[in-house]
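What follows draws every value from the coordinates through simple rules; no lab data is involved. Just so it is clear, the structure is predicted and the values come from calculations on it, not from any experiment. Every residue, glycine among them, receives a Cβ derived from its backbone with ideal geometry; neighbour counts consider all protein chains shown.
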Amino acid sequence: MKGKVVDSKTQEPLASVSILAGGVAKGTTDRTGHFEIEVETGALVRFQLIGYEGRPRPLQQHSQMLKSH
């Protein structure tokens, strides 16, 4: 899986977002919000960053998993 994490309101890229799958750390986003991790289809993926609310979702529903407070 690869992609980019951005703020839902400003569309600014989010750096240093922690990415977990099945409760295991899989990586973080780079300074431009990009990431690439290996996960199985159907795995619960969670994006976490201080000041944002992360929601675990199955891989096939990975969009909009992070919302700002």
Checklist outcome for this item: Measuring from its Cα centre, region 2-68 shows a charge dipole (+1 at each Lys and Arg Cβ, -1 at each Asp and Glu Cβ) which, in debye to the nearest 20, is 160
Checklist entry - Stretch GLU38-GLN11 to full length: gain in nm at 0.36 nm per residue minus the Cα-Cα span? => result 7.2 nm
Item to check | Potential extension, VAL24-LYS2 segment - 0.36 nm per residue separation minus Cα distance | outcome: 6.2 nm
